[in-house]
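Reviewing the structure listed below.
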Amino acid sequence: MSDQMVKTMMEDPDDSLIVLSGCGTSGRLAFLIASGFNRELRQLNQMSVCSYIIAGGDRALLSSQEAPEDDPRLGVLSLKKVCEGKKRVLFIGISCGLSAPFVAGQLDFCLQDPEVYTPVLVGFNPAHQARDEPMPGCTFTFFSVVQRMQELAKSHMAFLINPTVGPEAISGSSRMKGGSATKLLLEVVFSAGHAAAFSHTPITYEGILQYMRAYETAVNITYAHREGITALVESAGQSLQRGRCVCYLGWGSLALLGLIDASECNPTFGADFGDIRGFISGGYRQLNNNEGPLASLGPEFYIAHEDFLLLVLPNLSDQDTVVLIYTHSDDVSEVVKMACLVREKTSILHAVCHQTDGDTAASVLNSIPSFSQQWELSTKLVLNAVSTGAHVLKGKIYQNHMIDVQVTNSKLYHRATRLLQKLSGCPESRCEEALLKVLYQMDELSADITSSDITTHTRTARNRSRVVPLALVCLLTGCSLVEAESYLELQPIIREAIALIDKA
Ligand code: S6P
């Protein structure tokens, strides 16, 4: 049904708008999908009909901005702004865990004005597991919003797309399965709406199944390259273990997947922005984001190949890994030129290259989902494996959990506390206390600190690193914060650091 809505919107682009919105990786995928869809429409000389919203604005496309996720009012304000003057809005809120207050605020706003807004929620938790925690300044929770949507879904005034995709390979890392499922599902919905609006192809169950199967084939082909992916993960892991870097140099829309994967490493693994970096041929011109060039915000936002050549390449050594990401339809001579320049500095050079087997131009153009959508998914899977695998090798995963997670919003604060409980076996109150001691860098907590709210704690967390590993070492060994810091400095892998302390 939501694909029917997409069709209706496309037939009346002047008064209609499709808005995709999310936080963190869900917002980045909103950007990727909306941009891809608008590009397709432009190629058909049609008006763009899609907009994206990412919590924290465009800087969140490339860097970690976790705090705005907690703000439902900010979500509403940004939604009102993009929808000004529109008579019909299909709002697609993405929250893999059915948890982001930013998205809950937007959905609640849509539910209050059904004449204009049709809300769709995309996520991968069963509805009864939606977050039921009070949000600042709100009378509703994510869960209560989901309940209202379920009611309206009966009369097709709202839609809930929340298949269960199973647990993530690394607990909590919704960027992987959740992110891939978001891309796949929404592209299927959009492709079906698109085909119905422009080539009068009726939307059928079989048609949808066929789109899904094309993605299934893309996934199977990708994982058939096991050896290649393993070699890539090993090189990237070695580079990170040696304190060196991994650079993704991409062309076309595939480069976006590199930028996205790199940007996730900070909040997910506590990585430095220089550890894994993405660059895109054409820089911001190719990115075509709402707010335009962001390079003035600092080196984290230097994304063009020229920036790589000027600022990164001169310092590369034989221990850095470079990955070229392109398709046979990109300017391959440019790729070769880049490969030669990189080779002068490092021999660890890999390529993720996509092409069709014995294709004809027609099959490339007519495929639904398009080849570029399938290549994007395939690239996402490979790069997710590379960055996750490399961080596993670096010791950033402890018992299948992302242990060095940032504690910069309420979801992550609760996750960190639960993680400490699970891994240390200590009661919740002791774990939270250990977390706060690391955040405020003191062995005894003052009453001022213990009575502060989570927003204050998560704000303080912005300037801290290795918060959860330090708290865990303190809890498991009973050592002081200063001792834990010095052991983790000597041995960043928690298991080994604990063994060192036990031996001492
Ligand atoms: C990705 C990372 C975050 C989430 C963001 C939104 O691995 O965990 O950046 O993308 O917190 O999560 P959700 O559940 O609302 O999609």
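The values are calculated or read from the model by the stated rules, or taken from the named source; none is laboratory data. Please read these numbers as outputs of a predicted model, since none were measured by experiment. Glycine gets a Cβ as well: all are built from the backbone with ideal geometry, and neighbour counts include every protein chain shown. The area values use the complete protein model at the heavy-atom level, side chains included, leaving out ligands, DNA and RNA. Shrake-Rupley method; radii C 1.70, N 1.55, O 1.52, S 1.80 Å.
Taking the listed residues Ala461, Ala434, the one that is at pLDDT 90 or above, open to solvent by less than 50 Å² (accessible area, probe 1.4 Å) and either within 16 Å of the ligand (Cβ to nearest atom) or acidic (Asp, Glu) (or both) is Ala461, with no other qualifying.
Checking each residue in region 96-141 for being touching a residue at least 60 places away in the same chain (Cβ under 8 Å), at negative phi and of a type in the set (A, V, I, L, M, F, W, C) picks out Cys96, Ala100, Phe102, Val103, Val120, Val122, Met135, Cys138.
The number of residues in region 234-257 being more than 16 Å from the ligand (Cβ to nearest atom), surrounded by 19 or more Cβ atoms within 10 Å (Cβ to Cβ) and either in the same structural domain as Gly22 (by TED's automatic domain parsing) or at negative phi (or both) comes to 16.
Where helices (runs of 4 or more DSSP H) fall wholly inside region 372-453, the ranges with 2 or more residues that are within 19 Å of Leu476 (Cα to Cα), assigned by TED's automatic domain parsing to the domain that holds Cys479 and among the small types (Gly, Ala, Ser) are 410-424, 428-439. Entry remark, region 20-46: residues being at pLDDT 95 or above, under 25 Å from Thr204 (Cα atoms) and either in contact with a helix residue (DSSP H, G or I) (Cβ under 6 Å, 6 or more places away or on another chain) or open to solvent by 10 Å² or more (accessible area, probe 1.4 Å) (or both) number 2 in total.
Being open to solvent by 30 Å² or more (accessible area, probe 1.4 Å) and touching a helix residue (DSSP H, G or I) at 6+ places or on another chain (Cβ under 9 Å) holds for only one residue in Cys353, Cys265, and it is Cys353.
In this structure, Ala181 qualifies as crowded, with 18+ Cβ neighbours inside 10 Å and within 16 Å of the ligand (Cβ to nearest atom). Candidates in region 317-327 are the residues that are open to solvent by less than 70 Å² (accessible area, probe 1.4 Å) and part of a loop (DSSP other than H, G, I, E, B); of these, the one that is farthest from Ala390 (Cα to Cα) is Ser317. A single entry from Leu488, Leu475, Leu439 fulfils the requirement of being open to solvent by less than 40 Å² (accessible area, probe 1.4 Å) and closer than 30 Å to Asp71 by Cβ: Leu439.
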